[in-house]
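Peer 1: Let me give you the structure first, and then I'll get to my questions.
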């Protein structure tokens, strides 16, 4: 099975196009060698994926026939990502919350409409 199709079928990427684009940008490697999207995946291959500034590592246990349900994914791959990389991901998530709390910042479209109707009522009073 092709690497882009494999990564899509085990739900690493949402679409196959995104998976093939990651291969073109040299974000996918097998056994530490950057690969094209047409590279065939074999059993026990170690796949390294750079996604969201983190290097994820997966070991191929089996090759699926098509896209899998989320519950079946552990039967086909093992996540062997290093703990250091997972700690980086945790730091990135916390740093985003540091700058701005959820719900603060720019108003949503609905908030904007409510503000406009509020100020229109004030203009009518004069």
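Peer 1: In segment 25-34, which residues are under 13 Å from residue 3 (Cβ atoms), over 19 Å from the mean Cα position of the chain (by Cα) and part of a loop (DSSP other than H, G, I, E, B)?
Peer 2: 31, the sole residue that qualifies.
Peer 1: Output the number of residues of segment 35-88 satisfying the condition of being surrounded by 15 or more Cβ atoms within 10 Å (Cβ to Cβ), touching a strand residue (DSSP E or B) at 6+ places or on another chain (Cβ under 8 Å) and in a loop (DSSP other than H, G, I, E, B).
Peer 2: 7
Every number here is computed from the coordinates shown, using simple stated rules; none is lab data. In this text the structure is predicted, and so the values were computed from the model without any measurement. A quick note on method: Cβ atoms are made from the backbone with ideal geometry, for glycine too, and the neighbour counts reach across all protein chains shown.
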